[in-house]
Amino acid sequence: MSDEIRRLTAELAADPGSLVFLRLGEMLRQAGRLEAAAKVAIQGLSRYPDLPGAHDLYARVLVDHQDFESAFDEWDMTLRLDPNHGGAHKGIAFLFWKAGDLQSALRHLNAAADDLPGDGQIAAALTRVRARLAELEKPAPPPAPAPPPEPAAGPSTPAEAPRDDILRDEGLLLVDAAGLRLLGTLSSVGDGIADQVAADLAGVSREAARAARLLELGEWRTIAVESPTANYFLAPPTDETLLLIVRSATLPMGRIALGTGRAVEAARRWLETAG
Amino acid sequence: MTGLDTLTGIPGVRGAMLANRDDGIVVAESVREDVDGAAVAALATSLARRLEAAARSAQGGSTTFLHLQATDGALLVAPAGPELLLIVIADKGVNVGRARLEMARVAELAA
């Protein structure tokens, strides 16, 4: 292997723009030369910031360094550039497995298997995750009392339960353009504070749209805000509303971003029903 | 030395600037010719102030990083001491992780 590493190193030195850095970085990683692998990956990324394979390589190096949060971000970037990248799906599935989120792990493993059908590791991981999910399946609870009849259709209020489970989240607010809370709460601070936060967010969507337009950035999609105790993620389900998702600062922003799309879709559906 | 040039050396970064947190006035910048640093700083500072207020209301404390992602690019903001904000405008393909790490270094220098 060292001969091959020397050969690839010489090849990259002769042609720094060569994509051979992908192979070299992986070989260095497999040889346990993590610092050298990281250097090759970062140099490759600086030349090819839009190359999915470069982000995938760096993510694998980061996992070897036990830097799982940064690895998640790199694989997240890989999937933004190439939504079907099997290596990135496989890597993110591993991170979800480690975090105990088996459903997400299963989803990414299935995507990885679609892209890399002959990969034995993926097949084995799928078997493990499915077995673990089967173990965790609890026996059916005893029959519950009959639910109360559905209330007659009427205007929804923030106190009413929405249909989408994702909107039951206790760190989520849906706010209108006037800063009024439409849905959700911030369980850690209470409804009064949630109303204050909603008021503070009035006009943020318009201001973000204006800034993006004037700076020729296109249409704004998300805003991520980090603080010492919490991460905040904002997205516009519609032009007139804003969705705020609040999570612990320990949760990587890339992971929060992954769940945002579903929350935005659920909020849109809720708005259609409530409107 | 503000280190702003190291930020604009990152592929995809169109400009980097330090601006007063209160009024958005630029105190140092390194931007491409086509970037209006004053406009970027004013808009970014205003947005950052609003979001800072919301984060404080939610008892999250001071914001440490802001990332607006749009279809064609991104705006990144980080505090650089108590009075300044470090602002970066970038193309959509920028490696946000790298830019963020470099911003932390530059913000520390500027603080």
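Which number in (1) free of Cβ contacts under 8 Å to residues at least 24 places away in the same chain; (2) in a helix (DSSP H, G or I) marks the one condition that A:SER205 misses?
Answer for A:SER205: the failing condition is (1).
Out of segment A:42-70, which residues are among the small types (Gly, Ala, Ser) and modelled with pLDDT under 85? Spell out how you get there, then give the answer.
Applying the first criterion (among the small types (Gly, Ala, Ser)) to segment A:42-70 yields A:44, A:46, A:53-54, A:59, A:70.
Within segment A:42-70, A:SER46, A:SER70 meet the criteria.
Which condition does A:GLU207 not pass, out of (1) out of contact with any Gly (no Cβ under 8 Å at 6 or more places or on another chain); (2) within 11 Å of chain B (Cβ to nearest Cβ); (3) within 29 Å of A:LEU95 (Cβ to Cβ), if it passes all the others?
(3)
Among residues belonging to segment A:61-83 that are over 15 Å from the mean Cα position of the chain (by Cα) and either within 11 Å of chain B (Cβ to nearest Cβ) or assigned to a loop (DSSP other than H, G, I, E, B) (or both), point out the one that is surrounded by the fewest Cβ atoms within 10 Å (Cβ to Cβ). Working first, answer last.
Here is the first cut: in segment A:61-83, the ones over 15 Å from the mean Cα position of the chain (by Cα) are A:61-67.
Next, only the ones that are either within 11 Å of chain B (Cβ to nearest Cβ) or assigned to a loop (DSSP other than H, G, I, E, B) (or both) stay: A:62, A:65-67.
Details: A:LEU62: 23, A:HIS65: 14, A:GLN66: 7, A:ASP67: 15.
Among those that are over 15 Å from the mean Cα position of the chain (by Cα) and either within 11 Å of chain B (Cβ to nearest Cβ) or assigned to a loop (DSSP other than H, G, I, E, B) (or both), it is A:GLN66.
State yes or no: is B:ARG49 more than 9 Å from chain A (Cβ to nearest Cβ), closer than 14 Å to A:VAL225 by Cβ, assigned to a helix (DSSP H, G or I) and open to solvent by 10 Å² or more (accessible area, probe 1.4 Å)? Before the answer, list the steps.
Details: more than 9 Å from chain A (Cβ to nearest Cβ): yes; closer than 14 Å to A:VAL225 by Cβ: yes; assigned to a helix (DSSP H, G or I): yes; open to solvent by 10 Å² or more (accessible area, probe 1.4 Å): yes.
Yes, satisfied.
Here is a list of conditions, (1) part of a helix (DSSP H, G or I); (2) touching a residue at least 60 places away in the same chain (Cβ under 8 Å); (3) in contact with a strand residue (DSSP E or B) (Cβ under 6 Å, 6 or more places away or on another chain), and B:VAL40 meets all of them except one; can you say which number that is?
Tallying (1) part of a helix (DSSP H, G or I); (2) touching a residue at least 60 places away in the same chain (Cβ under 8 Å); (3) in contact with a strand residue (DSSP E or B) (Cβ under 6 Å, 6 or more places away or on another chain), B:VAL40 fails exactly one: (2).
The values are calculated or read from the model by the stated rules, or taken from the named source; none is laboratory data. Note that this is a predicted model, so its numbers are computed, not measured. Positions of Cβ are backbone-derived with ideal geometry, glycine not excepted, and every protein chain shown enters the neighbour counts. Accessible surface areas use protein heavy atoms only, side chains included; no ligands, DNA or RNA. Shrake-Rupley method; radii C 1.70, N 1.55, O 1.52, S 1.80 Å.
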